[in-house]
1. Could you check segment A:69-94 and list, in sequence order, the residues that are small (G, A, S), more than 10 Å from chain B (Cβ to nearest Cβ) and under 18 Å from A:D139 (Cα atoms)?
2. Can you report the number of residues in segment A:131-148 which are more than 22 Å from B:R158 (Cβ to Cβ) and out of contact with any Gly (no Cβ under 7 Å at 6 or more places or on another chain)?
3. Does B:R56 fit the bill of being more than 10 Å from every other protein chain (Cβ to nearest Cβ), surrounded by fewer than 23 Cβ atoms within 10 Å (Cβ to Cβ) and under 18 Å from A:A115 (Cα atoms)?
4. Among the residues of segment B:123-153, how many are without any contact (Cβ under 8 Å) to a residue 12 or more places away in the chain and of a type in the set (A, V, I, L, M, F, W, C)?
5. Considering segment B:95-148 alone, what residues qualify as being among the aromatic types (F, W, Y) and either within 7 Å of chain A (Cβ to nearest Cβ) or touching a His at 6+ places or on another chain (Cβ under 7 Å) (or both)?
6. Test B:E182 against the stated conditions and say whether it is part of a helix (DSSP H, G or I), more than 9 Å from every other protein chain (Cβ to nearest Cβ), farther than 30 Å from A:E149 by Cβ and not β-branched (V, I, T).
7. State whether one or more residues within segment A:185-198 are crowded, with 24+ Cβ neighbours inside 10 Å, touching a Phe, Trp or Tyr at 6+ places or on another chain (Cβ under 9 Å) and closer than 19 Å to A:V108 by Cβ.
8. Of the numbered conditions (1) within 22 Å of B:D232 (Cα to Cα); (2) away from every other protein chain (no Cβ under 12 Å); (3) in contact (Cβ under 8 Å) with a residue 24 or more places away in the chain, B:P201 satisfies every one except a single condition; which is it?
Protein chains: 2
Amino acid sequence: MVAKAVSEQPPLAVVLLSGGLDSMVCAALALEQGFRVLALTIDYNQRHRVEIDAARGIAQSLGVERHIVLPLDLRQFGGSALTADIAVPKGGLGEDIPVTYVPARNLVFLSLALAWAEAAGSGDLFIGVNALDYSGYPDCRPEFIGGFENLARVATARGDRGGTVRVHAPLQHLKKSEIAQEAARLGLDPAASWSCYDPQPDGRACGVCDSCRLRRAGFDAAGIEDGTQYGDDG
Amino acid sequence: MVAKAVSEQPPLAVVLLSGGLDSMVCAALALEQGFRVLALTIDYNQRHRVEIDAARGIAQSLGVERHIVLPLDLRQFGGSALTADIAVPKGGLGEDIPVTYVPARNLVFLSLALAWAEAAGSGDLFIGVNALDYSGYPDCRPEFIGGFENLARVATARGDRGGTVRVHAPLQHLKKSEIAQEAARLGLDPAASWSCYDPQPDGRACGVCDSCRLRRAGFDAAGIEDGTQYGDDG
């Protein structure tokens, strides 16, 4: 056997890593698919900034190529329960888009992921959006993801030169219970991720915001241990 | 005559204000069209950060409703002569997209403008892009602007609820000389704006980067005094 003279490096992908369960699984799937991962976390001065610490821990334990935590103070714009003095709803999911929606957040985040990818010579972005067990945010739907891919072509020098941009959303059509199962299959520790929008003073998750409700129901349905300490556990 | 009991406020628009000539004229045109202006300047750790001071002066002299200077360190991504240790070309405009192109910059900036607009209840964005006398950046072309408008509809709660998003690019089809004429017509002081990519140690504009070349040629063609101090004036 002759050793390969030139070993080609695996391709790079930029993965949006919030620190939640979905983005943790998404990053692990990107690695499983053979990408070297550039993990991007946006510190947008969100109410639940504790998720940023979770993102740091996840990036380290997964062994990503590089992790950038980028400050971007969306609180200057406000307009959301996550970035202004608006109470986080605790009554369960309703019909309308909830006040935890942050205006144009995923568009801003994907645009930044694209900026890093283009600078690094990559055309692959990963985002852990999910349009089944989700809060009804418009920027989690397939139409948005597909539309972003199209726009990326005319928005960049990469696209102008014939390069491709692909937005991978591997959790798009999974139920939360299936995401919990993926975490288990990939050997991830769910407790390393943070989902709650409204962390309690004692450091526990509230247990009753939309994000906690979706997470708990998913782990319950999957029969998998969540590992999160909820404030309403009694 | 009876005074109007309820006087409706003019509509809000978010204007991207870099501090350059084009964005200054663009902001003045938004005001002329009757909008109350929310001016957004991104401090992206650009080489020519002096333009941010120009933006502050312009926002104040125009009397905008509010001005946000938002730090966003694109130097962490690099990939451009404006955000990395890459020399600014001085030899004149070529055929290809130049190295002063900042990956996905206008997509990131318009996304942030949209975020602020949505939070403020506005669907009107202004950007001073120009696709005639320009450096060949892909994200200055009409296809990009139109594509962004389309994506904004599926990316936001505003769009989901049937609200419109309009990206005004009033300079899109003007020559630089016509932009200089617009500045004069609107009573603006060209010297209040900053265009040079590579400010000299003595505080003057370099005179020979693409941005200086386009600006000088425009004012020359219009026969209007520029007011900029160029380092190569002799």
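Derivation of every value follows stated rules applied to the coordinates shown; laboratory data play no part. Worth saying up front: this structure is predicted, and the values here are computed from it rather than measured. Cβ sites come from the backbone with ideal geometry, for glycine too, and all protein chains shown count toward neighbours.
1. Those that are small (G, A, S), more than 10 Å from chain B (Cβ to nearest Cβ) and under 18 Å from A:D139 (Cα atoms): A:A81, A:G94.
2. Residues in segment A:131-148 being more than 22 Å from B:R158 (Cβ to Cβ) and out of contact with any Gly (no Cβ under 7 Å at 6 or more places or on another chain): 1 in total.
3. No.
4. Matching residues across segment B:123-153 total 1.
5. Within segment B:95-148, B:Y101, B:W116, B:F126, B:F144, B:F148 qualify.
6. Numbers: part of a helix (DSSP H, G or I): yes; more than 9 Å from every other protein chain (Cβ to nearest Cβ): yes; farther than 30 Å from A:E149 by Cβ: yes; not β-branched (V, I, T): yes.
Yes, satisfied.
7. Within segment A:185-198, not a single residue is crowded, with 24+ Cβ neighbours inside 10 Å, touching a Phe, Trp or Tyr at 6+ places or on another chain (Cβ under 9 Å) and closer than 19 Å to A:V108 by Cβ.
8. (3)
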